[in-house]
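**Q** To start, I am sharing the structure in question, which I have written as structure tokens.
The values are calculated or read from the model by the stated rules, or taken from the named source; none is laboratory data. What you are looking at is a predicted structure, and each value in this text was computed from that prediction instead of being measured. Virtual Cβ from ideal backbone geometry, glycine too; neighbours counted across all protein chains shown. Calculation scope for accessible area: heavy atoms of the full protein, side chains included, ligands and nucleic acids excluded. Shrake-Rupley method; radii C 1.70, N 1.55, O 1.52, S 1.80 Å.
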Amino acid sequence: IGQKGAGLQELTSKYNINIKVPQKPAEGEEPTNSITLIGKADIVESVVGVLDEKKKGWEADAEDRKLRNYTETIEVDPIFHSKIIGYKGEQINALRLEHDCRVNFPKDKDAEQITMIGYADKVAAMKEAIMAIVASLEAHVFQDVLIAQKCHPRIIGSRGSGIRKIMKDYDVES
């Protein structure tokens, strides 16, 4: 039918035929799986062919949608979520573009599930990439360093640029 009947209007005006689409069935009734085409026999046959081609396209789209919505969930310690996302989302956005896959993080800060949605092979690649990041983060050591408080502003720098530079140069996280 199309949006606001545009598909029907296109067919009726192009082929000069009438198309009758059954009303939505009442609750409990069986839906009708056919439409009625009224016009000259040769034109009706050509419209049936056009509709069959469109039907194949719709079925292919439905199958693609089904394949594209493959979902997998992995459990990652919540302390790593912000590291996977990266500064202003740079890292996760790069992964999303590279693997063409959606990644959803839980709203609850204590939840461990990360959900990935996309084609099965792309979700598997995204899972491997995230798990590689987690493995590298788990290899990091947590250590507190005592630095006099009067030195903190010089280390942090203007708007945090100094501390970000140190973190990037030495591959450490705060």
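**Q** Carbon-plus-sulfur fraction of the accessible area of the range 20-149, 1.4 Å probe, in percent?
**A** It is 52 percent, rounded to a whole number.
**Q** Same structure again: Can you give the FRET efficiency for Lys168 and His140, using 1/(1 + (r/R0)^6), R0 = 22 Å, r = Cβ-Cβ distance, to the nearest 0.05?
**A** 0.90
**Q** Over the chain, what portion of Cα pair distances is larger than 26 Å, expressed as a whole percent?
**A** Details: 8888 of 15051 pairs.
The answer is 59 percent, as a whole percent.
**Q** Mind pulling the angle between the C-alpha long axis of helix 6-15 and the longest principal axis of the chain? Nearest 10 degrees, somewhere in 0 to 90.
**A** Roughly 40 degrees, rounded to the nearest 10.
**Q** Restrict the search to the range 88-174; then list the GluC sites (Glu not before Pro) that DSSP places in a loop and that have at most 11 other Cβ atoms within 10 Å of their Cβ.
**A** Hits after loop and neighbour filter: Glu173.
**Q** Please tell me which of these pairs span more than 26 angstrom C-alpha to C-alpha: Lys122/Lys168; Lys83/Lys165; Lys4/Lys122; Lys66/Lys88; Lys55/Lys122?
**A** Lys122/Lys168; Lys4/Lys122; Lys66/Lys88; Lys55/Lys122
**Q** Here is a follow-up. Relative contact order for the chain using alpha-carbon pairs under 8 Å, separation at least 6, rounded to a whole percent?
**A** Relative contact order of the chain: 14 percent.
**Q** OK, next. State in Å² the accessible area per residue of the chain; use a 1.4 Å probe, count heavy atoms of protein chains only, and round to the nearest integer.
**A** Value for the chain: 78 Å² per residue.
**Q** Using only alpha carbon pairs under 8 Å that are at least six residues apart, calculate the relative contact order of the range 13-53 and give it in whole percent.
**A** Reported as a whole number, the value is 41 percent.
**Q** Test of understanding: what is the full-extension gain from Ser46 to Ile17, defined as 0.36 nm times their sequence separation minus their Cα-Cα distance?
**A** Length gained between Ser46 and Ile17: 9.3 nm.
**Q** Next question, about the same structure. How much net charge surrounds Leu8 when only the other residues with a Cβ under 13 Å from the Cβ of Leu8 are counted, with Lys and Arg +1 and Asp and Glu -1?
**A** Details: positive: Lys4, Lys14, Lys20, Lys54; negative: Glu10.
The answer is +3.
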